[in-house]
1. Is it possible to state the helix-based mean residue ellipticity at 222 nm for chain B, with each DSSP H run of 4+ residues giving -39500 (n - 2.57), the sum divided by total residues, to the nearest 500 deg cm²/dmol? What is it?
2. State the antiparallel share, in %, of DSSP beta bridges confined to the range A:276-422, rounding to the nearest 5.
3. For the range B:44-150, what is the convex hull (Cα atoms) projected area averaged across all directions, in square nanometres?
4. Apply the Debye scattering formula to chain B, with a single equal point scatterer on each alpha-carbon and no solvent, then give log10 I(q)/I(0) at q = 0.11, 0.13 Å⁻¹.
5. Based on DSSP loop calls and a cut-off of at most 14 other Cβ atoms within 10 Å, the longest stretch of chain A free of exposed trypsin sites (Lys or Arg not before Pro) is what?
6. Using only the Cα atoms of the range A:433-495, what semi-axes does the equivalent ellipsoid have when each is the square root of 5 times a gyration tensor eigenvalue? Give whole Å, largest first.
7. What is the mean number of Cβ atoms from other protein chains located within 10 Å of the Cβ atom of each residue in peptide A:205-213, rounded to a whole number?
8. Can you give the three extents of the C-alpha atoms in the range B:161-287 along their principal axes, from longest to shortest, in whole Å?
Amino acid sequence: MAEPLYLRPRLDGRAASLLAEPGLLHSLVDALESPLNVVLPEQAAANADAFQEVFTRHRLKGRVLFAHKASASSALLRRLAATAAGVDAASLGELRHALGCGFAPERITATGPKSLRFLWLAARTGAAVAVDSADELDMLARLLRAHGLPRCRTLLRLSGFSAPGVRVRSRLSRFGIPVAALDDVLARAAGYRDVLDLVGVSYHLDTTSLTEKATAFEGCLQALGACRDHGLAPDVVDIGGGFGISYLAHREEWDAYTSELAAAALGARPALTWGGHGYGLRNDKGTLRGSLALYPSWRPAAGGHYLDELLSAPSSSALGGRPLASLALEHLYDVHAEPGRALLDQCGLTLATVQEVRRPPDGGADLWVRLAAKADDIALEEHGVLLDPVLLPRPGSTGTSTDSGSGGPVAVHLFGHLCLETDLITRRLVHLPRAPRPGDLLVFANTAAYCMDFHSSRSQRHPAARKIAAWRSGGSWTWCLDDAYWPLSTEGDPQ
Amino acid sequence: MRYDRITDAIGNTPLVRIDPAVHGLRHIDLFAKLEMLNPFGSVKDRAAWNMARAGLPGAEADGSQIVELSSGNTAKALAVIAGMHGLTFKSVTNRMRIPETKELLLLLGAEIEELPGQSECLDPTDTEDPLTLFHQALADSETPLLHTDQYFNPRNSAAHFEGTGPEIVADLDGRAPDYFIACVGTAGSSTGVAGALRAHRPDVEVVGLVAAKSDFIPGIRTRDEVHEVGLFDPDTYDTLATVDSGQAIEGMVTLIRRCGLLAGPTGGAAYHGALRHLREADARLAEQRDDGPPAERRTAVFIVCDRVEGYLSYIRQRRPDLLGDTARTPNTLAGLSDADVAAAPAVTVDEARTWIEGADPLIVDLRSTYAYNALHLAGSVNITDEILGELLRAGLPFARSRPVLLACPVGEQSARYAALLTRMGHPDARSLTGGIVAWRDAGAPLTRD
Ligand SMILES: Cc1ncc(COP(=O)(O)O)c(C=O)c1O
């Protein structure tokens, strides 16, 4: 084949060290079946510390709230409960889970669409509530009064920010109170002062754009000023999530791959995908139209670095141009962040066994590889993340693969085991350093955020992947079922 | 030269020789086509005027708004042209990455609309890219629109086929140059000029320059992005090469400091790309000369698109050293050592409260005015740290007889200024330890008065 186009995953410390134990991983999958999810609680704790460190560097009293929606793992949540981080719970179930994993209500913020029961449990226990609309504010106040609940710490989630002089054609959001309607909502909030303690304002924007977020941050500072005009004194800016993960080890590979995707869409090279799928790109008389509908798998600044850039971004000239962090600090405001994806960077792997390897019926050079897993189990593609799996040969297995020929790099299509044409683990042709054999493992890196749990199903009575937690203890790896994990050693010391 | 309208002054820009002592080529004469001397400041004046001109009578009749996807020079030219004809102009952009440009466009009367950034929580089935949305919005608009469509409009490259190209030939005594080098943004200038030059001699070597992938040079496209441009035809270029932003700025600095050409980053990119390409050709010509009859001298032309003034923040971000203030005056924070700051007189919140009661110091709040207005210590004055820094360069702005209490958010800036005031001879300037955050945390009063 021509020069292989790899998209090799970034594997830091713990994940890399676990991958260096193929014997252990194979025996785990043999015992617990393919697919198998492995989460790394210690990594989540380290990530929370790294986020906190960014706030400290900016002298801010910041708080990191894990956006629970990114993972259903109990082990990750319980480990985070043993750090200074809080939780952003977006459903009744997430709130109950967070409470049960050891988060005191002071460390929980309830966000997202809310049922009465969700609001009641949040208010009853004393969690903060980020209110999404004027109606929800009314609903919360009625509930608090009707049930004689304790005064509820409340944030107003805002949306529809604009920069001076610029109309932003933002994606329409279903969430948040438009800043244009803020005055009315603040008047209501002031009227509910007996039951509501307005502690802050928040936003969450579904964008990778730093400028859009900086505009929202500034809008929140202005909104906190407006609160004072209504006799309210909130002092928290919650800047939501969306700090991102950089999934790939090498920027050059991402650059080369996406260039080739564009070339393939223009017909300048053979297709790189199943059925010539364009990932959003199309050829319009020799001009490339559309845009890559893909997550930027390589990112120059993600996670804590992205937070750092946002806090360092200069404010507009209307606010004097100082960095946003300085402005917040000068106003004595605290900053909360709700990283979901970014907090789980390097926190999990999904393992799947190779079930079958064969040549396509048309005799093409690409191999067809079927895994003992469904696309749902490894939802990287569902989230637009392109990432090569790591091939872990079955230890001790000898003999040549079905058709591997020279034993060098091969291009493979990865199929799931559903009896369904569309069950493709990925639509793209994946280049591997050598041909996989039945019984080998493919390890998908960095799947803890959204990819393990968001789409998992039991279609066709295939089991959903089991989940285990793994950590290093005294120089070797130890594991237990996810739900059996508590952040304690067997002797009761902190792990 | 006398004109009836400023648009008549578009074009006929100078072709200026680059001093061989600067470029070092021995067998090639290198010329810069100074498109930055167009009246609205850039090469885009020609395209903007040529694209808008055709539609103006109709647009004036039905009060259309001119619309273009641009975050820079085309928007500037169109904003001015719209204003001259009593029309409004809207620039739609997803990358207003140069703050000065934004402010200048607002000054010129443009409306700016920004497209959203890429979704973080992606829905891969959603292929409604921002451009598709933009075109839908054009179709749904209630006000009549004149969309100049610079990436697809043949009147863009025609402006250069009819103007820029023939001017170069005329200024070279009727001969087209051997080499033509230009950056590719809309591909309008390179396509138009290349066409005009090749009409004179088909063997002109054309070099197109694009930015390296994941890099950003204002006004030009990256290697992948050029394929999204309707006017772009790979066959126009004998070579398509990349330049990175560092090289563009280096080239720009040479043009500015050595040649007196106040070029912007794309001019610098073209100069860098030209030299890189021509050095090889020059070396080959030298070899030829060694073993054969003397080679003929060659000629090369590159385009300087616009001026440097609008890119100061771009340069500050990438090369702060070029804007560095190296002249140190004695009364600045830069002259203080860590030990000076550590030894600065300071008071804790408790001490400060007693001290304020007894000695009535002048309380100086160093935070921004916006923050000061929201909440501050009673009786304090607000002199932001930058302004205090400016004042101190000239000398002490406070009487020595009155004690001074300096306050900032966490006590870092105030310690530095207390050290500086002390060094400048103030007998009793103190920093509030832990700053206004500690003051608040101790439950001490803050007012809005
Ligand atoms: C309110 C809120 N906070 C935080 C997040 C987490 O975002 P991410 O996982 O991109 O960090 C989300 C995601 O949808 C959200 O809606």
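1. Working: 17 runs with 181 residues, N = 449.
Per the formula, -12000 deg cm²/dmol.
2. Details: 9 of 13 bridges.
So the antiparallel bridges in the range A:276-422 amount to around 70 percent.
3. Numbers: hull surface 29.0 nm².
Approximately 7.3 nm², given one-decimal rounding.
4. -0.90, -1.05
5. On the way: sites that count: A:151, A:174, A:193, A:285, A:458.
With a cap of 14 other Cβ atoms within 10 Å, the longest stretch comes to A:286-457.
6. The answer is 28, 19, 11 Å, longest axis first.
7. Values: counts 4, 8, 6, 7, 9, 1, 6, 3, 2.
Mean inter-chain Cβ contacts per residue within 10 Å come to 5.
8. 38, 36, 31
The values are calculated or read from the model by the stated rules, or taken from the named source; none is laboratory data. Computed from a predicted model, the values in this text were never measured in an experiment. Quick reminder, even Gly has a Cβ in these numbers, built from the backbone with ideal geometry, and neighbours come from all protein chains shown. Heavy atoms of the whole protein, side chains included, go into the accessibility calculation; ligands, DNA and RNA do not. Shrake-Rupley method; radii C 1.70, N 1.55, O 1.52, S 1.80 Å.
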